[in-house]
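Q: Right, I'll just put the structure down here and ask away after.
Computed from the coordinates by the stated procedures, all read-outs in this text should not be read as laboratory data. Keep in mind the model is a prediction, meaning the values are calculated, not measured. Here the Cβ positions follow ideal geometry from the backbone for every residue, glycine too, while neighbour counts run over all protein chains shown.
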Amino acid sequence: MPKKYIVDLSPGERNYLLKLTTTGKHPAYKVNHARILLKADINQPDGGWSDRAIASALDISISSIERLRRRFFEQGLEVALSHQHGGGQHRRLDGSSEAHLLALACSEVPQGRGKWALRLLADKMVELGYVETISHETVRKTLKKTN
C-alpha cells in the first residue's frame, strides 16, 4: 500500500537535518526525528527507506514513524522536530486575563460567601467580560501555577 504522507525534503531541509544529526548538542528526540526524516526522504537514490526498515535500524516503533511523517507532511519541518505538535487547544487566559483572575481571587469575597469558589471565579470572569468562556478547571490550574 502506498504511503499517504510522503517525506519530500528540499536540499536545504536535507542539509539542515544532516547538520543537526552530526554537529552540536541537541536533544535526543530531535536527533531521532531528524534521522527518521532523512531515512524516509523520497529524494534519496533508493527512494527512501520503508517504515519497517527505519524502525529496525533506529529501534523506534512504526507508529511513531507514521506520526512523524504525518506531522511533517501536515505542519512542516519545525513542528516535526519539536515536542510541540501544534494540535492542542489554545490558551484560554493570556497574561492580562491571568492578572485579572489573580486580582479577582485576591479581592473581597462576595456578600454571603466565606471564600471564592473556583466556579464562582469562573462565572465572575465571564460576567466581567475578561473571557467569553472559562471552566473552573482552567481557573484552578491558573491559580495553582501562580500560587
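Q: Taking the number of other C-beta atoms within 10 Å as the exposure measure, put LEU18, LEU9 in order starting with the fewest.
A: Ascending number of Cβ neighbours within 10 Å: LEU18, LEU9.
Q: With a ≥ b ≥ c taken as the square roots of the eigenvalues of the C-alpha gyration tensor of segment 11-81, please select rounded if a/c is under 1.5 and otherwise prolate if a/b is larger than b/c or oblate if it is not?
A: rounded
Q: By a straight-distance test (C-alpha under 17 Å), which lysines pair with LYS144 as possible cross-link partners, with residues fewer than eight away in the same chain excluded?
A: Leaving aside lysines fewer than 8 places away in the same chain, those within reach of LYS144 are LYS115.
Q: As a check on your grasp of the helix formula, calculate [θ] at 222 nm for the chain: sum -39500 (n - 2.57) over DSSP H runs of n ≥ 4, divide by the residue count, round to the nearest 500.
A: Mean residue ellipticity, 222 nm, calculated: -17000 deg cm²/dmol.
Q: Right, next: Using Cβ counts within 10 Å as a stand-in for footprinting exposure, how do ILE134, ILE6, ILE65 rank, fewest first?
A: Sorted ascending by nearby Cβ count, the order is ILE6, ILE134, ILE65.
Q: Give the relative contact order (percent, whole number) for segment 1-89; include only Cα pairs under 8 Å separated by 6+ residues.
A: Over segment 1-89, the number comes to 29 percent.
Q: Considering every Cα-Cα pair within the chain, what fraction, in whole percent, is farther apart than 26 Å?
A: For the chain, the share of Cα pairs beyond 26 Å comes to 49 percent.
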